[in-house]
Structures are given as C-alpha cells and as structure tokens.
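Trainee: A single structure is presented below for examination.
We did not get these values from a lab; they are worked out from the coordinates using the rules stated. Being a predicted model, the structure only gives us computed values, none of them experimental. Cβ placement follows ideal geometry from the backbone for every residue including glycine, while neighbour counts extend to all protein chains displayed.
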Amino acid sequence: MHRLGALRRSPIGRTWNSIGHAAPRSRARWGIETLVIGRDPFSFVEMIRRLEAGATVALLVDRPLEAGSVSVELFGRKFAASIAAAELARASGCALLPVYLPRIENGYAAHILPEIPYDRAALRSREARHRLTQEIMRAFEPAIRQHLDQWYHFVPIWP
C-alpha cells in the first residue's frame, strides 16, 4: 500500500467556501493528504521531499496556474497544460504514471497508463520539460476521447 498525496492549486484571489474545503476533507477520510499549492515558489519543495521518500503524488495537468503552464497540442489544438509533472521529474527523478478515473455505474474505475519514460539529465532544458509535458498530454488523449462527457473544465479552454 502506498501513501497518496494530492496536489491542489489554490484559487488565487477567490474566497474559499465550504465546497472548496470539502474535497480535502473527503480525501482525508481515505488517508489521502492534500497539499495546496499557491503562489509560493517554494511550495514544491515539500512535494519533492515526499517523492524522494517514495510517496505517490497525484496532480492535475489540465488545470494549470498561468505561471506554471506551457502551450502544447491536445486534439490538434493549442492547449495550456501544467508543466509541474516535468518539473517534479527533473527535481526528483520520480516515475510518471498517467492516471484517469472515469465514473462508472457504482463509483469510479482507476486506470493507470504505461509509465512515460524520460531522461532526467535532459530535463535541465526547459524545452525538454515542454516536450515531456506534450508527451504526457498525448497519453491522455484516448482516455479523454473515450470519456469526453466526463472531462469538465468549468472554464473556457478553446476560443
């Protein structure tokens, strides 16, 4: 059994309400810790420490903060994706396993896709981290296509 942490971006400039606090409380019931990432550039340090200690970290790659996004292609269109997974790979050497959880009849089904290989030394280059982010998003395209009705963004992503 692995401990799981969830990365959650802070809604900067927004007031938290009871719904905003519900997800971390719900995860905590299952032993999942939520680390809130905001504008602090050092907020990744704790995550890197945990990865180096063998923890599992889950994060959203399709809802980046503007400062942590890069433009990639998704379904042949420009898309702002989070570069965080590539940055964490560079810093910690962690495995990158794309995971998606579509809703099924009585709950959710977890699907773990094949590990995305990378050369850690090459990730010193921002361009290499950008390319890795593109590979990560490409890995999700079939799952998104298969469960398009479940990929909610709540904000416009394409004009």
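Trainee: To make sure I understand, if each residue's beta carbon is the centre and we count other beta carbons within 10 Å, what order do His111, His153 fall in, fewest to most?
Mentor: Sorted ascending by nearby Cβ count, the order is His153, His111.
Trainee: Also: Expected output is a single nm value to one decimal: the length gained when fully extending between Leu65 and Ala109, i.e. 0.36 nm times separation in residues minus the C-alpha distance. What is it? List each step's numbers first, then the result.
Mentor: Details: separation 44, 0.36 × 44 = 15.84 nm, distance 2.74 nm.
Contour length minus the Cα-Cα distance gives 13.1 nm.
Trainee: Quote to one decimal, in nm, the extra length available between Phe42 and Leu97 on full extension: 0.36 nm per residue of separation minus the C-alpha distance between them.
Mentor: Values: separation 55, 0.36 × 55 = 19.80 nm, distance 2.39 nm.
The Phe42-Leu97 span can extend by a further 17.4 nm.
Trainee: Could I ask something else about it? Among Val155, Val70, rank each residue by its count of other Cβ atoms within 10 Å, from fewest to most, as a rough exposure measure.
Mentor: On the way: Val155 6, Val70 20.
Fewest-to-most Cβ neighbours within 10 Å comes out as Val155, Val70.
Trainee: If you line up the Cα atoms of region 29-138 on their principal axes, what length do they span on each, largest first, in Å?
Mentor: So the three principal-axis extents are 44, 36, 27 Å.
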